[in-house]
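Working notes for the structure below.
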Amino acid sequence: MRNKKVLAAGLAFCISLQGTVSCGQEEETEAVRVQVGVACYDQNDIFISELLECIEEEIGLLEEDSFQAAVTVRDGGGSQKIQNDQVEELIDAGCDVLCVNLVDRADPSEIIDLARENEVPIIFFNREPVAEDMLQWEKLYYVGADAKQSGVMQGELAADAVKENPQIDRNKDGKIQYVVLEGEPGHQDAIIRTENAVETLRNQGVELEKLSYGIANWNRAQAENRMLQMIGQHQNQIEMVLANNDAMALGALDAYKKLNRTESALPVFFGIDGTKEGLGAIQEKKMAGTVYNDKEGQAKAIAKLAKALVTGRGMENIEFENEKYIYLPYAKVTIDNVEEYIEK
């Protein structure tokens, strides 16, 4: 196990001046110099790209005379093998703490083993590892949000829209014909978001008829293609689109734009994440609502935790759930409050 730079990225220390000045009186401080390694699943994911910007910004804001940090970001491009290799490179390059957005949330063992062998703590973010994997080592943490909450809030947004705008039920049959655009097949967050959005709509008294669904891997272009297929199958029957993220909701909008459909023929669209483009679409009244995934709050929590893990100071000021987890709440966004989130 390597001696991590003899704690060069570690603790500030006091130097006695000519043997007469104690640390409590006057001291010289060597700056804590921290190497933060960030591994993400795919920077083409718009939300992840925006979150990474926030993480770098928040780590920068923590810099002071006694604490300096350098951030190195690696993009796994959707391959867990590539991400494993990148993490090994980051550790070999001397990173002091890892921030990992897993490609495959169910396959973190190689990364955990590498980190444990080299005593490099890991902050997983956005894609939560399986609970059993988080027990593999005491220096594993997670920062993110509760997928169930996002699904419930999306369902509440959609139910409110139906109640306030009866014209959404274009065929006046008392039911809302809807389609779903889902993230990765089998992905826990995608399943949870979809199930809870639909269940919440039904609990709110909205009669539903599911016409179809498409897997679009969180991707706008794929969502456009899936939506074109569903429009081809169902034509003007679709009254609502529930998308697991904003990128896919925008892809669905792109499909209707490509077909030159009139505004009166469009369904109502709902996303999740609150990306810049998603918020812009709400501002322009193209999307009815989204659920804001607090990237600023998550980035601040990641930066604060990373600093505490390396310096050994401040852990007592961080509030965890089950000693390892930090969850930031979602928020509902509509035309009524979208300006507040755009200004973030």
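Within segment 318-344, the only residue that satisfies the criterion of being part of a loop (DSSP other than H, G, I, E, B) and in contact with a Ser or Thr (Cβ under 7 Å, 6 or more places away or on another chain) is Tyr330. Remark: pairs (first residue in segment 213-242, within 11 Å of Val180 (Cβ to Cβ); second residue modelled with pLDDT under 95 and open to solvent by 60 Å² or more (accessible area, probe 1.4 Å); Cβ separation under 8 Å; 6+ apart in sequence or on different chains) = Ile215/Pro185.
Here Lys286 meets the list (1) open to solvent by 80 Å² or more (accessible area, probe 1.4 Å); (2) in a helix (DSSP H, G or I) almost entirely, failing just condition (2). Got a number for residues in segment 135-153 being in a loop (DSSP other than H, G, I, E, B) and open to solvent by less than 10 Å² (accessible area, probe 1.4 Å)? Matching residues across segment 135-153 total 0. Of all residues in segment 45-72, those that are open to solvent by less than 40 Å² (accessible area, probe 1.4 Å), of a type in the set (A, V, I, L, M) and under 20 Å from Arg105 (Cβ atoms) total 4. Looking across segment 33-60, just one residue is over 21 Å from Leu250 (Cα atoms), among the charged types (D, E, K, R) and outside any helix (DSSP H, G or I), and that is Arg33. Out of Glu132, Glu156, Glu119, one residue alone is touching a residue at least 12 places away in the same chain (Cβ under 8 Å), open to solvent by 10 Å² or more (accessible area, probe 1.4 Å) and within 30 Å of Asn219 (Cα to Cα). It is Glu156.
Figure legend. Inter-residue proximity from segment 286-300: first residues without any contact (Cβ under 8 Å) to a residue 60 or more places away in the chain, second residues hydroxyl-bearing (Ser, Thr, Tyr), beta-carbon distance below 7 Å, spacing 6+ or different chains. Indicated pairs: Tyr292/Tyr330; Tyr292/Tyr341.
Please find, within segment 85-106, the residue that is surrounded by the fewest Cβ atoms within 10 Å (Cβ to Cβ) out of those that are outside any loop (DSSP other than H, G, I, E, B), without any contact (Cβ under 8 Å) to a residue 60 or more places away in the chain and under 23 Å from the mean Cα position of the chain (by Cα). Residue satisfying both the conditions and the ranking: Asp85. Can you name the residue in segment 306-317 that is in contact with a strand residue (DSSP E or B) (Cβ under 7 Å, 6 or more places away or on another chain) and either outside any helix (DSSP H, G or I) or of a type in the set (A, V, I, L, M, F, W, C) (or both) and, of all such residues, is farthest from Phe124 (Cα to Cα)? Filtering first and then ranking leaves Val310. Has segment 207-216 got any residue that is outside any loop (DSSP other than H, G, I, E, B), of a type in the set (Asp, Glu) and either in contact with a Lys or Arg (Cβ under 9 Å, 6 or more places away or on another chain) or open to solvent by 10 Å² or more (accessible area, probe 1.4 Å) (or both)? Yes - at least one qualifying residue is present in segment 207-216. Applying a threshold of 8 Å to beta carbon distances and a minimum spacing of six or more residues, or different chains, the list of pairs starting in segment 65-76 at a residue that is among the polar types (S, T, N, Q) and ending at one that is outside any strand (DSSP E or B) reads Ser66/Ala12; Ser66/Thr29; Ser66/Ala31; Gln68/Ala31; Thr72/Leu90; Thr72/Ala93; Thr72/Cys95. With respect to Ala161, determine if the residue is hydrophobic (A, V, I, L, M, F, W, C) and outside any loop (DSSP other than H, G, I, E, B). Here the answer is yes, as Ala161 does meet what is asked. In segment 179-200, of all residues being part of a helix (DSSP H, G or I), acidic (Asp, Glu) and over 14 Å from the mean Cα position of the chain (by Cα), the one that is farthest from Ser212 (Cα to Cα) corresponds to Glu199.
Residues are listed down the side, and each one gets a yes or a no for (1) in contact with a helix residue (DSSP H, G or I) (Cβ under 7 Å, 6 or more places away or on another chain); (2) farther than 23 Å from Asn293 by Cβ:
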site: Glu164; (1), (2): no, yes
site: Gln177; (1), (2): yes, yes
site: Asp189; (1), (2): yes, no
site: Ala216; (1), (2): yes, no
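Restricting the search to segment 252-277, which residues are assigned to a helix (DSSP H, G or I), free of Cβ contacts under 8 Å to residues at least 40 places away in the same chain and either acidic (Asp, Glu) or crowded, with 22+ Cβ neighbours inside 10 Å (or both)? Correct list: Leu253, Asp254, Tyr256, Glu263. Evaluated against (1) open to solvent by 10 Å² or more (accessible area, probe 1.4 Å); (2) assigned to a helix (DSSP H, G or I); (3) within 18 Å of Tyr330 (Cβ to Cβ), Ala249 falls short on exactly one condition, (1).
The values are calculated or read from the model by the stated rules, or taken from the named source; none is laboratory data. Source: prediction; values computed, not measured. Virtual Cβ from ideal backbone geometry, glycine too; neighbours counted across all protein chains shown. Side chains included, ligands, DNA and RNA excluded: accessible areas come from the protein's heavy atoms. Shrake-Rupley method; radii C 1.70, N 1.55, O 1.52, S 1.80 Å.
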